[in-house]
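Peer 1: Pasting a structure below so you can have a look.
None of the figures in this text is laboratory data; all of them are computed from the coordinates on show. Note that this is a predicted model, so its numbers are computed, not measured. Cβ coordinates were reconstructed from backbone atoms using ideal geometry, including for glycine residues, and neighbour counts include every protein chain displayed.
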Amino acid sequence: MNKLFVFSLCLFIIGAASLCALATHITVHNASQKLVVVATTSMIADAVAIIGAEHIHIEALMGPGVDPHLYRAKESDVHRISQADVVLYNGLHLEGRMASILETIGGIALANVLEKDEILASDFDDVFDPHVWHSVPLWRNMVACIRDVLVQRDPIHAKYYIDNAAAYDAQLEALHYYILEAIKKISEKQRILVTAHDAFGYFGKTYGFHVVGLQGMSTDAQISVQDVRQLVDYIVNNKISAMFLESSIPERNVQAVRDAVAARGWHIAIGPELYSDALGDVSSPAGTYIGMMKCNVDSLVQALS
Ligand SMILES: [Zn+2]
């Protein structure tokens with residue numbers, strides 16, 4: 001190992017300790033075994049698999065189409081979590097019904113690496129928008145945290161993780177420019193994103209869309225008659241032409257809005273399905289984070305341009 005690499009490695013480990021020192025127990029891993037990582041969402045698992053590749057074993061608790069707001073840990077999940085070397089989760093209360101177990105076992109909330117002014121507030125005190133992955137620049141920071149955790153827990157393979165993370169980060173940067181280029185096809189006036197729940201706030205802020213959701217930031221909240229009426233008013237008054245389905249939300253919520261809009265003499269198209277809180281099937285184009293983001297943007301361009 002040359003001196004420069006040893007020096008940068010030390011910096012990385014020190015950085016990892018400060019940036020991601022959120023776990024209550026630090027165990028440095030035995031080189032002969034694979035590091036066992038459990039991730040809550042498929043977005044996190046995808047990044048871990050790319051950076052850790054052959055030196056880790058990754059398990060995602062929530063598969064395609066699973067709603068993380070409503071997900072409760074099964075008995076088998078508790079067993080997997082207890083056997084893991086590292087548990088990674090989104091945080092900001094995305095995994096609301098698993099929060100206590102994730103905190104108790106010393107899991108690492110990736111959103112904790114974000115600066116306070118990068119996190120979007122909600123209408124409620126001390127409740128924040130957890131859907132950070134829809135902003136590629138912010139997601140890159142969370143992916144960097146994944147790299148730091150792997151380096152910290154398995155320092156023997158540090159260079160491997162750092163190199164993989166650098167290559168992946170270049171792909172994420174390219175994805176960001178892909179999105180910026182694609183949305184040029186949608187006029188500024190048409191950049192209004194009406195969805196079943198408020199999952200696209202970070203996307204809207206990063207890419208210049210006005211975002212309106214029927215339900216709040218968590219699907220755990222009940223939809224009231226008032227919520228439907230307000231959204232219908234907004235759609236009719238602003239002559240909105242399309243509303244989007246989400247892969248992890250029941251279609252009936254959106255259909256109720258469409259019917260109410262029709263009763264007011266306006267027609268709204270139900271646009272393609274967006275991937276809000278989970279990746280698509282592993283074998284589908286939306287089965288990776290990059291593929292999922294491209295599918296969403298392509299759907300927006302198709303429906304709004
Ligand atoms: Zn959500």
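Peer 1: Run through region 98-196 and list the chymotrypsin sites (Phe, Trp or Tyr not before Pro) located in a DSSP loop whose Cβ has at most 14 other Cβ atoms within 10 Å.
Peer 2: F124
Peer 1: If I model a spin label at R97 and S284 as a point 7 Å from the Cα along the Cα→Cβ vector, what separation in nanometres do I get?
Peer 2: 2.2
Peer 1: What's the FRET efficiency of A170 with T104 using the Cβ-Cβ distance as r and R₀ = 51 Å, to the nearest 0.05?
Peer 2: Calculated value: 0.85.
Peer 1: Here is a follow-up. Please give me, ordered by residue number, the trypsin sites (Lys or Arg not before Pro) of region 245-305 that lie in loop per DSSP and have at most 16 other Cβ atoms within 10 Å.
Peer 2: For trypsin sites (Lys or Arg not before Pro) across region 245-305 that sit outside H, G, I, E and B with at most 16 neighbouring Cβ atoms in 10 Å, the list reads R264.
Peer 1: Tell me, what does the Kirkwood hydrodynamic radius of the chain come to in angstroms if you use every pair of distinct C-alpha atoms?
Peer 2: 20.3
Peer 1: Please give me, ordered by residue number, the trypsin sites (Lys or Arg not before Pro) of region 64-124 that lie in loop per DSSP and have at most 16 other Cβ atoms within 10 Å.
Peer 2: Passing sites in region 64-124 are R72, K74.
Peer 1: Under the rule of -39500 (n - 2.57) per DSSP H run of 4 or more residues, summed and divided by the residues of the chain, what mean residue ellipticity at 222 nm is obtained, to the nearest 500 deg cm²/dmol?
Peer 2: Taking each H run of at least 4 residues, the total per residue is -14000 deg cm²/dmol.
Peer 1: With r as the distance between the Cβ atoms of Q33 and Q255 and R0 = 35 Å, compute the FRET efficiency 1/(1 + (r/R0)^6) and round to 0.05.
Peer 2: Efficiency, from the Cβ-Cβ distance: 0.10.
Peer 1: With a 10 Å Cβ neighbour count serving as the proxy for reagent exposure, in which order, fewest first, do T40, T288, T219 appear?
Peer 2: Taking fewest neighbouring Cβ atoms as first place, the list is T288, T219, T40.
Peer 1: Evaluate E = 1/(1 + (r/R0)^6) for D125 and D233, where r is the Cβ-Cβ distance and R0 equals 35 Å; express this FRET efficiency to the nearest 0.05.
Peer 2: It comes to 0.85.
Peer 1: Grab the chain and count how many Lys pairs have their alpha-carbon atoms under 27 Å apart, sequence gap of 8 or more, or different chains.
Peer 2: 16
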